[in-house]
Amino acid sequence: MSSNWEIKKLLEADRLAGERINRAKQRRVEREKLIKQEAQKEIDSFKTTKEEEIMEMERKLKLEKDRVISELEQEISIKLEALNRIVEENKEAVIKKMLGQIFDIGPEMHQSFDHLEKLIKQEAQKEIDSFKTTKEEEIMEMERKLKLEKDRVISELEQEISIKLEALNRIVE
């Protein structure tokens with residue numbers, strides 16, 4: 001009889017131990033799930049922050065690019081106005097010189113006003129093209145630097161995410 005009672009007691013103890021083990025496993029699974037969720041939230045938050053930083057950098061670059069383009073257009077406009085003013089200022093003198101050469105018939109040939117205007121415009125266009133090229137090169141350099149910075153930030157993000165995932169896997173194990 002005592003033997004049956006001891007066997008029943010052992011079976012009951014075994015059942016209780018099994019239940020405790022199952023509850024402990026369940027708590028561990030729930031805790032792992034919670035840790036994973038918290039880690040994912042942290043990763044998402046970090047990723048969002050870095051994406052916002054990148055968007056801000058892109059916005060600043062666009063503003064800087066727009067500012068440089070605006071300055072470039074303004075400088076070109078000022079130079080064109082100056083060149084047109086020079087043409088207007090010298091126009092009358094050139095006409096007088098031409099008329100003088102027309103009425104002062106001599107062995108020399110007079111220069112055509114159109115030729116002079118073309119030369120002035122050609123020189124102005126060369127200056128404008130040179131200025132545009134310089135500013136375009138500056139803009140391309142700024143874009144290149146932004147791309148490098150963006151790639152660096154993305155690389156850092158990927159490294160940090162990898163480190164956090166490894167830490168999470170170590171915790172889960």
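The numbers here are math on the coordinates, done by the rules we state, and not lab data. Here the structure is a predicted model, which means the values were calculated and not measured. Virtual Cβ from ideal backbone geometry, glycine too; neighbours counted across all protein chains shown.
Among the residues of segment 152-173, are any outside any helix (DSSP H, G or I), farther than 23 Å from R59 by Cβ and free of Cβ contacts under 8 Å to residues at least 60 places away in the same chain?
Taking every residue of segment 152-173 in turn, at least one turns out to be outside any helix (DSSP H, G or I), farther than 23 Å from R59 by Cβ and free of Cβ contacts under 8 Å to residues at least 60 places away in the same chain.
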Original post:
Can you tell me how many residues in segment 159-173 are surrounded by fewer than 11 Cβ atoms within 10 Å (Cβ to Cβ) and of a type in the set (D, E, K, R)?
Top reply: 3
Subject >> Index of the failed condition, A93 passing every other in (1) under 54 Å from the mean Cα position of the chain (by Cα); (2) among the small types (G, A, S); (3) surrounded by 10 or more Cβ atoms within 10 Å (Cβ to Cβ) >> reply: (3)
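Looking for something hydroxyl-bearing (S, T, Y), free of Cβ contacts under 8 Å to residues at least 40 places away in the same chain, within 30 Å of L119 (Cβ to Cβ) and assigned to a helix (DSSP H, G or I) - is there at least one such residue anywhere in segment 72-81? Write out each step before concluding.
Residues of segment 72-81 that are hydroxyl-bearing (S, T, Y), as a first pass: 77.
Restricting the remaining residues to those that are free of Cβ contacts under 8 Å to residues at least 40 places away in the same chain gives 77.
Now restrict to residues that are within 30 Å of L119 (Cβ to Cβ): 77.
Add one more test, that the residue is assigned to a helix (DSSP H, G or I), and what stays is 77.
Yes, segment 72-81 contains a residue that is hydroxyl-bearing (S, T, Y), free of Cβ contacts under 8 Å to residues at least 40 places away in the same chain, within 30 Å of L119 (Cβ to Cβ) and assigned to a helix (DSSP H, G or I).
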**OP:** Any residue in segment 114-141 that's in contact (Cβ under 8 Å) with a residue 60 or more places away in the chain: show its pairings with residues that are assigned to a helix (DSSP H, G or I) and of a type outside the set (F, W, Y) at Cβ separation under 7 Å, as long as the two are six or more apart or on different chains.
**Re:** K132/L72; K135/V68; K135/L72; E138/V68; I139/K65; I139/V68
Original post:
When you go through A39, A17 one by one, which is the residue that is touching a Lys or Arg at 6+ places or on another chain (Cβ under 7 Å) and either of a type outside the set (K, R) or loosely packed, with under 10 Cβ neighbours inside 10 Å (or both)?
Top reply: A39
Original post:
Filtering segment 21-64 down to residues that are under 15 Å from L168 (Cα atoms) and basic (K, R), which residue is farthest from the chain's Cα centre (by Cα)?
Top reply: R28
